[in-house]
Each structure stands twice: as C-alpha cells, then as structure tokens.
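Each remark here refers to the structure printed beneath this line.
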Amino acid sequence: MTPKERRKEMSDLINKISGKEQNAMQFYQSVKDVPHMTNHAIQRAAQRNISQQAILAALRYGKKLHRTGRVFFVLRKKDVTMEPELSSFTGTTIMLGRDGAIVTAYSNQKAHSMIKKKPKRSRNW
C-alpha cells in the first residue's frame with residue numbers, strides 16, 4: 001500500500017468516527033477531536049503498519065508523559081486491561097509537537113521506561 005493510499009484510508013477512517021461512542025474502537029465524538037497528523041507522522045505510521053485505531057487508542061487510553069518539550073502518549077499493558085480488544089495495540093507510542101499535531105508514531109513495548117529516562121526539558125546548547 002502506497003503512502004498516498006494509506007493517507008486516504010486514514011482520512012476515511014477519521015471521517016467515519018463521528019457521533020456517539022458505540023464501542024471501544026470509536027473513541028472521539030467528532031472529527032474535530034482528532035489531532036492533526038503531519039506528513040511525517042502519516043508516512044511513519046504507514047511504514048510501521050500502525051493503524052488509525054491504534055493511534056486513537058493510544059491518545060484515548062495511553063499514559064501521557066511530558067519530556068523534552070514534547071508530549072508522549074504510550075499505550076501500556078495495564079492501560080488496556082479493561083478493554084481486551086485493544087491489547088494488540090500495546091506499545092503504541094504517539095509523539096505530539098508543541099502545536100498539538102501528531103509528529104510521529106511508533107510501537108515499542110519498552111517505550112514507557114525509555115521516555116521516562118529522557119530529561120524533562122530539551123537542552124538548547
């Protein structure tokens with residue numbers, strides 16, 4: 001699947017997620033609630049096979065960490081115990097920029113401990 005096709009698939013999925021929550025896979029009440037994704041984030045999510053549902057699950061149920069001037073959302077195992085259908089998304093990590101846009105997405109089971117080791121503020125030498 002090309003990045004262009006993947007972008008179309010993601011935008012179609014965002015457009016579908018409108019209205020009231022029906023189950024755990026429909027997280028947001030309207031399209032306005034979903035943050036903007038940069039082109040880099042769309043490309044990386046497509047390359048790493050991270051679905052829009054995994055991104056939305058991390059934003060909704062994941063642990064929020066503030067490090068190096070950025071905001072990270074990490075979906076840990078303990079975050080999905082109440083929603084077993086989300087267990088396949090464990091390890092999904094989303095990084096938001098200062099403007100609130102999704103900068104990148106990746107999957108790493110140990111991301112939470114790695115992010116916690118980063119300094120709280122970025123160092124501008």
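Per-structure values
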| quantity | calculated |
| --- | --- |
| Cα-projected label distance for Met82 with Gln47, points at 7 Å along beta-carbon direction, nm | 3.6 nm |
| Long-range HN-HN contacts of Arg67 with modeled amide H, under 5 Å | Phe72 |
| Residues whose placed amide H lies under 5 Å from that of Thr92, excluding near-sequence neighbours | Leu75, Asn108 |
| Thr68 paired with Thr38, simple spin-label distance in nm, labels 7 Å along Cα-to-beta-carbon | 1.2 nm |
| Mean Cα-pair separation over length for the stretch 34-80, i.e. relative contact order, pairs under 8 Å, 6 or more apart, % | 26 percent |
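Bear in mind these aren't lab numbers, they're just calculated from the coordinates by the rules spelled out. The structure displayed is predicted, hence computed values, not measured ones. For neighbour counting, all protein chains shown are included, and Cβ atoms are generated from backbone atoms with ideal geometry for every residue, glycine included.
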